[in-house]
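To start, the structure under review is shown below, and the notes come after it.
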Amino acid sequence: MKLAKFLVLATATLTLSLNIKAQTAEEVVANHVKAIGGADNWKKIKTMVMEASVSAGGMEIPVTITRVHNKGVKQEFTVMNMTGYTIITDQGGWNFNPMQGQTKAEPMTADELKVGQDGLDLQGEVIDYAAKGHKVELQGKEDVDGTECYKLKLTRKSGRETYMFIDPKTWYCIQESGKITVNGQEIQQTTKLSNFTQQPEGIVIALTMESAAAPAPITISKVKINGDVPDSVFKPAQ
């Protein structure tokens, strides 16, 4: 009898702990979404054009990032009067880098395209993540440059995983990391986010992004939200 009561209590405790864990993950996501402006404000964001720069080799390289929600992303950069770009849409993706001798845009590899298309959600993948087919799990805490962060594992509908590190003081995501496939090899990519700034539309975005994949941090100087973006922006030059 005592054993039966113990098993019932143990089962109830286990169920409770599982529920607490799930609620905690949801709570971390909810606090994060609230801190960056709230779901309602983000759901109003349809387009975003960011003017940025990268300091590399003694030069200031201008970068323009154009995004249309669930439709396309274009990153355009100019070096020594030569302009290159990367375009990713829900239909395909292209790279053009004249500094590497390219004379026309070339299609992305399937691996590059998969990673890029995962990022077409301008409004944020953790907003209504379950409805979008994604899954979020809380995996304890981890130190990021002296800050003990909540570690969230985001598993997308596509199956690709990303770890988000949430600062419990601000509830901002100060680092993202995940594996990507480049030239057939799987590598770890980590991006640090800082200089969070609230926009007139009420949303908060990081104006500085630092990744080992880039020669230097990308610093955003200007943001235009919900302006008109013609379809031609996402068509590679012929």
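Computed quantities for the displayed model
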{"quantity": "Inverse of mean 1/r across different Cα pairs in the chain, Kirkwood, Å", "calculated": "19.8 Å"}
{"quantity": "Fluctuation leader among Gly184, Gly84, Gly38 - the chain, Gaussian network, Cα springs under 10 angstrom", "calculated": "Gly184"}
{"quantity": "Separation of alpha-carbon centers, region 94-130 and region 184-209, rounded to whole Å", "calculated": "16 Å"}
{"quantity": "Derived scalar couplings ³J(HN,Hα) [region 118-130; Karplus, 6.51 cos²θ - 1.76 cosθ + 1.60; whole Hz; x for Gly, Pro]", "calculated": "5, x, 6, 6, 5, 7, x, 6, 7, 7, 6, 4, 5"}
{"quantity": "Rounded to whole Hz, the Karplus (6.51, -1.76, 1.60) HN-Hα couplings of region 27-43, x for glycine and proline", "calculated": "5, 4, 4, 4, 5, 5, 4, 4, 5, 8, x, x, 4, 4, 5, 5, 5"}
{"quantity": "Quarter of Cα convex hull surface for region 107-160, i.e. mean projection, nm²", "calculated": "5.1 nm²"}
{"quantity": "Of Lys34/Lys224; Lys43/Lys222; Lys44/Lys153, those spanning more than 24 Å from alpha-carbon to alpha-carbon", "calculated": "Lys44/Lys153"}
{"quantity": "Around Ile180: net Lys/Arg minus Asp/Glu count, Cβ-Cβ under 11 Å", "calculated": "-2"}
{"quantity": "Label-point separation in nm, Asn195 to Met99, each point 7 Å along Cα→Cβ", "calculated": "1.9 nm"}
{"quantity": "For region 164-207, diffusion coefficient by Stokes-Einstein and Kirkwood Rh (Cα), 20 °C, 1.002 mPa s, µm²/s", "calculated": "177 µm²/s"}
{"quantity": "Val63 long-range amide H proximity, modeled H, under 5 Å", "calculated": "Ala52, Ser53, Val54"}
{"quantity": "Cα→Cβ-extended label distance, 7 Å offset, between Thr155 and Lys46, nm", "calculated": "3.5 nm"}
{"quantity": "Coarse-grained scattering of region 97-238 at q = 0.12 Å⁻¹, given as base-10 log I(q)/I(0) from a Debye sum over alpha-carbon atoms", "calculated": "-0.63"}
{"quantity": "Region 2-234: relative contact order as a whole-number percent, Cα under 8 Å and 6+ apart", "calculated": "20 percent"}
{"quantity": "Residues Arg160, Arg67 arranged by fewest to most Cβ contacts within 10 Å", "calculated": "Arg160, Arg67"}
{"quantity": "Pair Glu27, Ala130: separation of 7 Å Cα→Cβ label points (nm)", "calculated": "1.7 nm"}
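A short reminder: the numbers here are calculations on the coordinates, not readings from a lab. Nothing here was measured: the structure is a model prediction, and the numbers come from that model. All Cβ positions, glycine included, derive from the backbone under ideal geometry; neighbour counts span all protein chains shown.
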